[in-house]
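Working notes for the structure below.
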Amino acid sequence: MPFEIRNLSKRFGRIPALTDVSFHVRAGEILGLIGPNGAGKSTLFECIAGLLPSDTGELLEQGRPVAIGARSSVLFYVPDGIAPWPSQSVRWALDFTIGFLGGRESLREEVIEQLGLGALLRQTIGTLSKGQRKRALLAIGLLTSQPALLIDEPFEGLDLRQARDIALALRAHCARGRTLFLSIHQIRDAAHLCDRFVLLNGGQVRGEGTVPELAALAKTPGDLEEVFLALT
């Protein structure tokens with residue numbers, strides 16, 4: 001599902017968190033949101049998802065504004081660092097996602113295998129380690145039916161092998177037409193996985209595009225790390 005963020009701004013008192021943020025998300029792509037700590041990435045995701053009201057700006061689907069109350073029908077937000085339903089098991093959370101949230105039963109076993117959750121199904125979410133909880137959260141997101149997913153820090157708490165497996169799973173779901181917008185602070189992980197990038201710093205977009213397009217904008221050759229440093 002393609003959508004556009006246009007002129008989004010958010011202030012906390014006198015402090016600007018986001019200023020006139022605009023960019024496009026293309027259908028079936030993996031778009032990476034890259035920025036240093038404090039750049040406004042989580043605030044941006046919360047505003048897009050409708051969890052946090054923006055001061056100005058809008059989300060458009062095919063040129064038409066999508067009201068805050070209607071955004072949950074087109075996108076699902078997977079935040080970082082939360083433990084939903086801590087007293088319930090991983091199995092219960094997946095079943096709830098399918099039964100109550102309208103998730104896709106046909107993907108259940110595949111997602112469990114992709115994310116290595118078989119041994120964790122009976123464990124309560126509140127007792128999971130950081131990396132285990134991250135995999136459970138990603139499974140919930142991948143089972144939802146919305147055409148677009150916003151995922152905050154998909155690799156946080158994962159070891160190298162787990163991060164590789166997660167990247168393969170995300171790419172497989174994208175290949176089926178799912179649109180993924182990922183906030184990633186590990187630039188090397190982002191470079192290997194994402195099709196295009198939005199660079200955010202100080203609450204402002206510093207660039208949008210592929211690595212070659214961003215390199216041309218920065219007027220510097222190099223990989224994503226060099227381009228990121230040049231533009232931010």
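Taking 7 Å along the Cα-to-C-beta vector as the label spot, tell me the His185-Thr124 distance in nanometres, rounded to one decimal.
About 3.0 nm, to one decimal.
State the percent of C-alpha pairs, over all pairs in region 97-185, separated by a distance greater than 16 angstrom. Show your work: numbers first, answer last.
On the way: 2033 of 3916 pairs.
In whole percent, the share of Cα-Cα pairs in region 97-185 beyond 16 Å is 52.
How high is the FRET efficiency from Arg104 to Glu225, r the C-beta distance, R0 35 Å, rounded to 0.05? Don't skip to the answer; put the middle values down first.
Values: r = 36 Å, r/R0 = 1.04.
Rounded to the nearest 0.05, the efficiency is 0.45.
Lys and Arg at +1, Asp and Glu at -1: add these up for the other residues within a Cβ distance under 13 Å of Arg171 and post the number.
Neighbourhood net charge equals -1.
From the Cα trace of region 164-232, what convex hull volume per residue do you get, rounded to a whole Å³?
Cα-based convex hull of region 164-232, divided per residue, equals 86 Å³.
Show me, for region 131-137, the HN-Hα J-couplings you get by feeding each phi into the Karplus relation (A = 6.51, B = -1.76, C = 1.60, θ = phi - 60°), rounded to Hz, glycine and proline as x.
x, 5, 5, 4, 5, 5, 5
Please identify, among Ile98, Ile82, Ile187, the residue showing maximal mean-square fluctuation in a Gaussian network model of the chain using a 10 angstrom Cα cutoff.
The residue that fluctuates most here is Ile82.
In terms of the ratio Rg/(2.2 N^0.38 Å) built on C-alpha atoms, what value belongs to region 150-201?
1.08
For region 88-136, how big is Rg over Rh, using alpha carbon atoms and the Kirkwood form of Rh? It would help to have the intermediate numbers written out before the result.
Details: Rg = 10.3 Å, Rh = 10.9 Å.
Answer for region 88-136: 0.95.
Counting other Cβ atoms within 10 Å of each Cβ, which trypsin sites (Lys or Arg not before Pro) in region 165-232 have at most 10 and sit in a DSSP loop?
Passing both the DSSP loop test and the Cβ count: Arg176, Lys219.
By the gyration tensor of its Cα atoms, with a ≥ b ≥ c the square roots of the eigenvalues, what is the shape of region 26-86: rounded for a/c under 1.5, prolate for a/b over b/c, or oblate?
Note, shape of region 26-86 comes out rounded.
Within a 10 angstrom radius of the beta carbon, how do Leu8, Leu231 rank from fewest other beta carbons to most?
Least to most surrounded, the residues fall as Leu231, Leu8.
Grab every C-alpha pair in region 41-128, bin the distances at 10 angstrom width from 0 up to the longest one, and report whole percents.
Per 10 Å bin, starting at zero, the Cα-Cα P(r) for region 41-128 comes out as 14, 36, 31, 17, 2 percent.
At a 10 Å Cβ-Cβ cut-off, how would you order Arg14, Arg164, fewest neighbours first?
The fewest-first ordering by Cβ neighbours comes to Arg14, Arg164.
Under 5 Å between amide H atoms, partner at least 5 residues away or on a different chain: which partners does Val78 have, H built in plane at 1.01 Å?
For Val78, whose amide H was placed from the backbone, the distant partners under 5 Å are Leu150, Ile151, Asp152.
Given 20 °C and 1.002 mPa s, compute D for the chain with the Stokes-Einstein relation, Rh being the Kirkwood radius over Cα pairs; round to the nearest whole µm²/s.
Calculated translational D: 118 µm²/s.
How do Leu199, Leu51 line up, fewest other C-beta atoms within 10 Å first?
Leu51, Leu199
Kindly express, to the nearest 10 degrees and within the range 0 to 90, the angle between helix 90-99's C-alpha long axis and the longest C-alpha principal axis of the chain.
70
Subtracting the Cα-Cα distance from 0.36 nm times the residue separation, let me have the gained length for Trp85 to Met1 in nm, one decimal.
Full extension of this stretch gives 27.3 nm more.
Could you give the length gained by full extension between Trp92 and Glu213, i.e. 0.36 nm per residue of separation minus their alpha carbon distance, to one decimal place?
So the extension gain works out to 39.1 nm.
Bear in mind that the values in this text are calculations on the coordinates, not laboratory data. On a predicted model such as this, the values are computed, not experimentally measured, just so you know. All Cβ positions, glycine included, derive from the backbone under ideal geometry; neighbour counts span all protein chains shown.
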